[in-house]
1. Filter segment 81-99 for residues that are part of a loop (DSSP other than H, G, I, E, B) and touching a residue at least 40 places away in the same chain (Cβ under 8 Å); which is most open to solvent (accessible area, probe 1.4 Å)?
2. Could you give every pair whose Cβ atoms fall below 6 Å, whose first residue belongs to segment 121-147 and is in contact (Cβ under 8 Å) with a residue 40 or more places away in the chain, and whose second residue is surrounded by fewer than 16 Cβ atoms within 10 Å (Cβ to Cβ), counting only separations of at least 6 or pairs across chains?
3. So, of the residues in segment 14-39 that are at pLDDT 95 or above and among the aliphatic types (A, V, I, L, M), which turns out to be surrounded by the fewest Cβ atoms within 10 Å (Cβ to Cβ)?
4. Please give the number of the condition residue 71 fails out of (1) closer than 13 Å to residue 99 by Cβ; (2) part of a loop (DSSP other than H, G, I, E, B); (3) at pLDDT below 95.
5. Working carefully through the options 189, 175, 201, 213, find the one that is over 17 Å from residue 128 (Cα atoms) and touching a Lys or Arg at 6+ places or on another chain (Cβ under 9 Å).
6. Limited to segment 1-30, what total is found for residues that are touching a helix residue (DSSP H, G or I) at 6+ places or on another chain (Cβ under 6 Å) and outside any loop (DSSP other than H, G, I, E, B)?
7. Looking at (1) touching a helix residue (DSSP H, G or I) at 6+ places or on another chain (Cβ under 9 Å); (2) modelled with pLDDT under 95, find the lone condition where residue 139 falls short.
8. Of the numbered conditions (1) under 21 Å from the mean Cα position of the chain (by Cα); (2) charged (D, E, K, R); (3) assigned to a loop (DSSP other than H, G, I, E, B), residue 78 satisfies every one except a single condition; which is it?
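The values are calculated or read from the model by the stated rules, or taken from the named source; none is laboratory data. Nothing here was measured: the structure is a model prediction, and the numbers come from that model. Cβ placement follows ideal geometry from the backbone for every residue including glycine, while neighbour counts extend to all protein chains displayed. Only protein heavy atoms, including side chains, enter the accessible area calculation; ligands, DNA and RNA are left aside. Shrake-Rupley method; radii C 1.70, N 1.55, O 1.52, S 1.80 Å.
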Amino acid sequence: RASHFGGPEALSLEEFTPKEPGSRTVRVRVTHASVGSTDAAARAGDYLLQPRPGFVPGYDFVGVLETVDGAATRRGLRPGMRVAGCLARMGSYTTYLDIPSARVVPVPESLNSADAAALPLDVVTAALAIDLAQPPDGATLFVQGVSGAVGALLTQYAVANKMRVVGTASERTRDFAESLGAEVVDYRDPNWSGRVRELIDGGADTSVDHTGDPLVRTVTAPTG
């Protein structure tokens, strides 16, 4: 628990005996929880969604199902399965979680737990962007920060669905983004938006932005 704001020393270990899980929740024994930039920001007091100390950090987790309810059983979940999930208000730095079964999904056997634990928040973010945008078939997608975690997931999804991806990245991460299929413009270029418009005639059908930069609108189609 983050007992106060600060560095890693702000985290303190708290012992507890969990109650029996409710009738509409399942219990997960957490084996892996990711450490992301949001966790560090929240612990330091620099995160809007955690304005006060006393919270347990961690959005992402992988663990083993210890109990199931009727809804979980209908989804094919059973005790002993590895599952991954993403919490709405953090809390994954714990030994046990009692949560609604709709918040967990099975982890494929081909994916190890450490890798799986780093994915949920970014996957949910990328999926929500696609769901809200509903890009048309053959769309051109612009991603501000295409080499980041969400940008990389969006690129892989778009390329797999025969979309074109143009995005900004640093020269250091250009090769990585291009290896996934993105066309890259250096975000440090003062005229990056002009470079993007040269690549995308008429503007992007869908744009995903992590920065709030108003120039993103100038590279997006009027109907995008």
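1. Result: 89.
2. Sorted first by the residue in segment 121-147, then by its partner, the pairs are 144/210; 144/211; 145/210.
3. 30
4. Unmet condition: (2).
5. So the residue among 189, 175, 201, 213 that is over 17 Å from residue 128 (Cα atoms) and touching a Lys or Arg at 6+ places or on another chain (Cβ under 9 Å) is 189.
6. 3
7. (2)
8. (1)
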